[in-house]
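As structure tokens, the structure follows; a few thoughts come after it.
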């Protein structure tokens with residue numbers, strides 16, 4: 001399972017641009033962490049919503065992929081994110097998990113926390129729909 | 001109006017990382033364009049959903065800002081995106097517009113099109129809520 | 001086309017509870033209208049968000065169904081609604097339309113307007129994903 | 001706290017139409033239950049998405065209200081729902097909870113379960129934004 005996720009993740013160049021890495025893979029769960037790089041910010045110097053969204057979306061998508069048949073890839077159909085607090089801190093931690101795995105559709109949730117002085121602050125909640133795609 | 005938007009946009013380092021620029025500003029509308037850089041992709045080489053989202057979110061947010069009082073900044077409360085087609089093409093064009101400008105909340109929509117061989121293909125629809133913030 | 005939509009709509013008992021009727025059907029578009037009945041309200045006497053949502057969802061879903069193969073039924077996968085103004089007026093008019101019809105998924109939008117003293121006020125915007133289902 | 005919630009809920013005529021009642025109130029949480037009445041259905045006889053949405057929205061909104069200052073009322077800004085399974089069963093149970101209570105905005109989640117032969121099946125997940133309103 002891990003190899004498939006890590007291989008696909010390794011080919012997401014945006015994740016490399018963001019300095020992101022996978023730090024946890026389980027059945028229906030994936031954790032991705034990334035620093036808030038100088039080139040990932042909005043106008044006040046916090047992480048851009050696009051950074052937070054990308055990490056949440058990838059964590060949710062790969063969480064879905066852990067439960068999909070071998071040989072599939074995963075694609076995001078739609079996602080909704082609520083931004084709860086500015087993305088400020090040493091790094092962002094996005095945890096994705098499957099809420100309902102179906103044959104045609106998989107519904108996922110993700111939470112993004114910012115690590116600030118050793119404490120986690122929740123900065124975003126995402127709810128999304130994923131589909132399997134044949135390569 | 002333009003100067004305020006362009007100044008804020010210029011301080012969004014993620015937009016520079018993505019090579020994005022503002023190509024249109026009106027009352028309640030903003031257009032942002034960006035190439036699909038080698039470092040902005042998902043695992044199949046198309047633009048990552050995080051790229052598409054970031055452009056749509058910024059276009060929607062700045063569209064909201066055009067109608068907010070001078071001295072305000074804008075922040076995304078929440079956003080929902082439907083991804084309609086892979087982000088493949090010469091560039092992406094995100095057009096944001098205000099659906100309802102309120103004192104406390106502004107509701108916006110954005111569409112992202114990919115330019116492919118001179119033709120525009122709609123790749124995403126976004127619907128979002130923005131708030132004014134004091135600096 | 002019309003018969004299939006009207007037949008399915010006629011079997012939605014909630015639409016009868018709401019006094020709703022279809023007032024327009026085109027290729028990829030459906031309009032539904034309903035009064036704001038005494039039994040459809042929230043705590044301040046305006047139409048409940050559940051009423052507005054139900055009309056928008058049905059208009060969007062049936063708009064999708066107009067473009068689906070004969071023999072299919074339609075189901076809502078997910079929907080997101082922004083409530084722009086209180087649902088107050090003589091009646092609500094929900095207009096659904098298809099943004100992208102696909103084989104597996106159809107993305108729709110709907111707008112709900114309240115008719116107030118002969119003028120339409122936009123009270124809600126919906127963006128949703130529909131799927132075809134075999135009976 | 002309870003009196004304020006129950007009083008407001010009692011004035012939501014749609015909840016009476018649906019036969020809904022509050023079965024739990026805590027700090028930041030509200031539970032609402034309702035049967036699937038003959039007049040609350042979609043075309044296949046399952047509960048309509050409008051029913052599921054209305055219960056989830058009210059549970060989330062009242063969960064938010066439990067943490068708002070006395071004298072406030074609550075309004076839904078926007079909500080997003082994923083429908084996971086048909087609303088079939090003896091009754092629906094909607095549990096709302098606050099994810100982040102802020103001065104200007106409160107972000108909530110709700111889950112709706114259907115009780116089928118004594119077992120709960122999750123039929124919907126909602127994520128929403130609420131605001132306090134002065135009466």
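Here are the numbers for this structure:
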quantity: Across the identical copies, how the residue B:2 labels are spaced - nm, sorted shortest first, 7 Å along Cα→Cβ; calculated: 5.1, 5.5, 6.3
quantity: Order of D:74, C:30 - criterion: other Cβ atoms within 10 Å of each residue's Cβ, fewest first; calculated: D:74, C:30
quantity: For chain C: relative contact order, % (alpha-carbon pairs under 8 angstrom, 6 or more apart); calculated: 25
quantity: Pairwise label distance in nanometres, residue B:134 with residue A:91, each label 7 Å out on the Cα-Cβ vector; calculated: 3.7
quantity: Fewest-first ranking of A:9, D:18, using other Cβ atoms within 10 Å as the exposure measure; calculated: A:9, D:18
quantity: Global geometry of the protein assembly as shown, whether rounded, prolate or oblate, following the gyration tensor of its Cα atoms and the 1.5 cut on a/c; calculated: rounded
quantity: Per-copy distances of the residue A:19 label point, shortest first, in nm (7 angstrom along Cα→Cβ); calculated: 2.3, 5.9, 6.1
quantity: On Cα atoms only, tilt of A:49-65 relative to the major axis of chain A in degrees; calculated: 30
quantity: Whole-Å semi-axes of the ellipsoid equivalent to the stretch A:3-118 (Cα gyration tensor, √5λ, descending); calculated: 25, 14, 12
quantity: Cα centroid of the stretch A:1-73 to Cα centroid of the stretch C:1-35, whole Å; calculated: 42
quantity: Spin-label model distance (nm) - residue D:104 vs residue A:119, 7 Å beyond Cα toward Cβ; calculated: 2.3
quantity: Ranked A:95, C:104, criterion: other C-beta atoms within 10 Å, fewest first; calculated: C:104, A:95
quantity: Gaussian network model of chain B, Cα within-10 Å springs - most flexible of B:85, B:94, B:64; calculated: B:85
quantity: Residue mean of other protein chain beta carbons inside 10 Å, D:49-60; calculated: 6
quantity: Label point 7 Å beyond Cα along the C-beta direction, distances from residue D:119 to other copies (nm, shortest first); calculated: 4.3, 5.0, 5.6
quantity: Partner chain coverage, peptide C:20-33 - average Cβ within 10 angstrom; calculated: 0
quantity: Computed [θ] at 222 nm, helices only, for chain C once each DSSP H run of length n ≥ 4 contributes -39500 (n - 2.57); calculated: -7000 deg cm²/dmol
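Taken together, the values in this text are just the output of simple stated rules run on the coordinates, not laboratory data. Treat the numbers as computed from the prediction; the structure is a model and nothing was measured. When we count neighbours, we look across all protein chains shown, and the Cβ atoms used for this are built from the backbone with ideal geometry, even at glycine.
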